[in-house]
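Asks: Take this structure first; my questions come after.
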Amino acid sequence: MSLAGKHFIWRASRALRVANAERRRVLEREMAGYASESDRCDFEAILDRYPDAVTEEMRDILTRQRLARPLRAGGLSAG
């Protein structure tokens, strides 16, 4: 493959990575709206209707958001 061809493929793959990262950031912001535990349970119930391969990214985002939230008073302690 020529150098120009390799350069074209590199630029195209970079553009796809950038677009995918932006798409995921938008999805994360939208999913942050499911802030209450009730909302999250409802959303997870909806996700349960679909194959894991389809919902994997959304489940990953929910898990990361849940882990990022500070522990509530009366919840689990760190000691």
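Asks: Which condition from (1) assigned to a helix (DSSP H, G or I); (2) modelled with pLDDT of 95 or more; (3) exposed (fewer than 10 other Cβ atoms within 10 Å of the Cβ) is the one that L67 breaks?
Replies: Here L67 clears every test but (2).
Asks: On to the next question. Criterion first (loosely packed, with under 11 Cβ neighbours inside 10 Å and at pLDDT 90 or above) does D52 satisfy it?
Replies: yes
Asks: A further question on this structure: Only one of (1) part of a helix (DSSP H, G or I); (2) surrounded by 10 or more Cβ atoms within 10 Å (Cβ to Cβ) is not met by A4, so which one is it?
Replies: Single failed check for A4: (2).
Asks: Pick from R40, R69, R14, R24: which is under 12 Å from the mean Cα position of the chain (by Cα) and not aromatic (F, W, Y)?
Replies: From the options R40, R69, R14, R24, the qualifying one is R24.
Asks: Give me the pairs, please: first residue somewhere in region 31-45 and charged (D, E, K, R), second residue anywhere and not in a helix (DSSP H, G or I), beta-carbon distance under 9 Å, and either six or more positions apart or on two chains.
Replies: Hits for this filter: D39/G33; R40/Y34; D42/Y34.
Asks: For region 30-47, which positions are surrounded by 10 or more Cβ atoms within 10 Å (Cβ to Cβ) and either modelled with pLDDT of 95 or more or assigned to a helix (DSSP H, G or I) (or both)?
Replies: E30, M31, E37, D39, R40, C41, D42, F43, E44, I46, L47
The values are calculated or read from the model by the stated rules, or taken from the named source; none is laboratory data. Since this is a predicted model, take the numbers as computed values, not measurements. Reconstructed Cβ throughout: ideal geometry from the backbone, glycine too, with neighbour counts over all protein chains shown.
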